[in-house]
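Peer 1: There's a structure below that I have some questions on.
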Amino acid sequence: MGKAPANESSVHDVASVDELENDDVSVLDVDGEQIAVFELDGEYFAMSNVCPHQGGPLGQGRVENGCVYCPWHGWQFDIETGEHVQGDDAVPTYETFVTDGRVYVRK
Ligand code: FES
């Protein structure tokens, strides 16, 4: 989680810190791509919302032990790295940071 300023065109406002607390997730559309932003113990992680298996919505998946389980067939991805825990597939991840109480993602 970086601390870059939020005034770049590649930076996108996700939500307030209050809206994303308690292991919550927010899904936003960035240039036509769905990105899921997860809060885990006060840190924020962003990854594609689209499962590489068959396109399941990862932001609707169960979160457990730092991983998200795709709601369609249960593939498990590390929220910090985007790596598929049981295989070679990976989900693209993006940098996040907090400025003035708001969470941003850089894409
Ligand atoms: S679409 Fe995600 S596991 Fe099948």
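The values are calculated or read from the model by the stated rules, or taken from the named source; none is laboratory data. The shown structure was predicted, so the numbers you read here are calculated from the model rather than taken from an experiment. Because the Cβ atoms are built from the backbone with ideal geometry, glycine has one as well, and the counts that use them run over all protein chains shown. Just so you know, the surface numbers come from the protein's heavy atoms only, side chains and all, with ligands and any DNA or RNA stripped out. Shrake-Rupley method; radii C 1.70, N 1.55, O 1.52, S 1.80 Å.
Peer 1: Condition check: among the acidic types (Asp, Glu), within 15 Å of the ligand (Cβ to nearest atom) and surrounded by fewer than 15 Cβ atoms within 10 Å (Cβ to Cβ). Does Asp88 satisfy that?
Peer 2: Taking the combined requirement at face value, the residue satisfies it.
Peer 1: Another question about this same structure. Which pairs have Cβ atoms under 6 Å, sit 6 or more apart or on different chains, and link a residue in segment 36-59 that is open to solvent by less than 10 Å² (accessible area, probe 1.4 Å) to one that is polar (S, T, N, Q) and more than 16 Å from the ligand (Cβ to nearest atom)?
Peer 2: Pairs found: Val37/Ser26; Ala46/Thr96; Met47/Thr93.
Peer 1: Still on this structure, I have one more. Within segment 15-35, take every residue that is open to solvent by 20 Å² or more (accessible area, probe 1.4 Å) and closer than 19 Å to Phe77 by Cβ and give me the one that is nearest to the ligand (Cβ to nearest atom).
Peer 2: Filtering first and then ranking leaves Gln34.
Peer 1: Checking Arg106 against (1) out of contact with any Gly (no Cβ under 7 Å at 6 or more places or on another chain); (2) open to solvent by 80 Å² or more (accessible area, probe 1.4 Å); (3) in contact (Cβ under 8 Å) with a residue 24 or more places away in the chain; (4) not small (Gly, Ala, Ser), which test does it fail?
Peer 2: So the condition that Arg106 fails would be (2).
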